[in-house]
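Written out below as structure tokens is the structure these notes cover.
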Amino acid sequence: MSLSPPTDSGPTTPAASPCEPGEPAGDAAAEPVDGQPLEARIEALLMTCDRPLTDARLAELLELKGGRKRIQTAIEALNNQYESTRRAFRVERLAGGWQILTRAEFGPLLDRLHRDRQHSRLSQAAMDTLAIVAYRQPIIRAEIEAIRGVSCGEVLRSLLERRLLKIVGRADELGRPMLYGTTRAFLTVFGLASPDDLPPVEGLERGPEDPSTRTAKPTSPGEESTVT
């Protein structure tokens, strides 16, 4: 139902992460915290952890003996508050624990945000590799590395995960290496109708031995996300 933890500025003073066991806080810090409502203390813990917290871990942090029922009741109260105030998130049971996650209906909005961030953070190595594939596609990894002069396995994997590149088949040559090409998402991100709209770049012109003329055999199921 949920997609991701909500953005939150976190505590105003440095604090240890509740995700991992650590040294207990001093008495000076514990006294005012213990006076806060249980719902608020649970909310503070969940807001500052990037993975689910189990009932046992919450009970340990809150110093509640046999507090599982109290924790579940407090979480129900939190969710009721979130729903009554039309908040964008709620507490969900996830992987054996609890985590604050955004509601499913906000998925398209968050996808837009994270897609823009993802594409804006392409490294220079990723941009170089993407350009080579765009101009020389379909192309095998060995040819990309011959042009760049460095290994590009991790960069290719990253571009596949970002769905800017895809595996379009296997070359009909020794070892049947995978052939890489650009995706529809690549065209959308760079504002192109087709790869033919790419501007001329010295050194990346398609020559007489254009690799796009090679025979590409289909890949097996599951190979589209694999880099070898």
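The values are calculated or read from the model by the stated rules, or taken from the named source; none is laboratory data. Only a predicted model underlies this, so the values are computations on that prediction, with no experimental measurement involved. FYI the Cβ positions are ideal-geometry reconstructions off the backbone, even for glycines, and counts take in every protein chain you see.
Restricting segment 42-62 to residues that are surrounded by fewer than 17 Cβ atoms within 10 Å (Cβ to Cβ) and of a type outside the set (A, V, I, L, M), the residue that is farthest from the chain's Cα centre (by Cα) is Glu60. Scanning segment 42-75 for residues that are in contact with an Asp or Glu (Cβ under 9 Å, 6 or more places away or on another chain) and small (Gly, Ala, Ser) yields Gly67, Ala74. Going through (1) charged (D, E, K, R); (2) exposed (fewer than 11 other Cβ atoms within 10 Å of the Cβ); (3) modelled with pLDDT of 90 or more one by one, Asp27 falls short only on (3).
Considering only residues that are hydroxyl-bearing (Ser, Thr, Tyr), exposed (fewer than 10 other Cβ atoms within 10 Å of the Cβ) and modelled with pLDDT under 80, which ones fall in segment 193-213?
Filtering segment 193-213 for residues hydroxyl-bearing (Ser, Thr, Tyr) gives 194, 212-213.
Still in the list and also exposed (fewer than 10 other Cβ atoms within 10 Å of the Cβ): 194, 213.
Result: Thr213, single match.
Residues in segment 166-189 that are among the aromatic types (Phe, Trp, Tyr) and within 21 Å of the chain's Cα centre (by Cα): Phe186 only.
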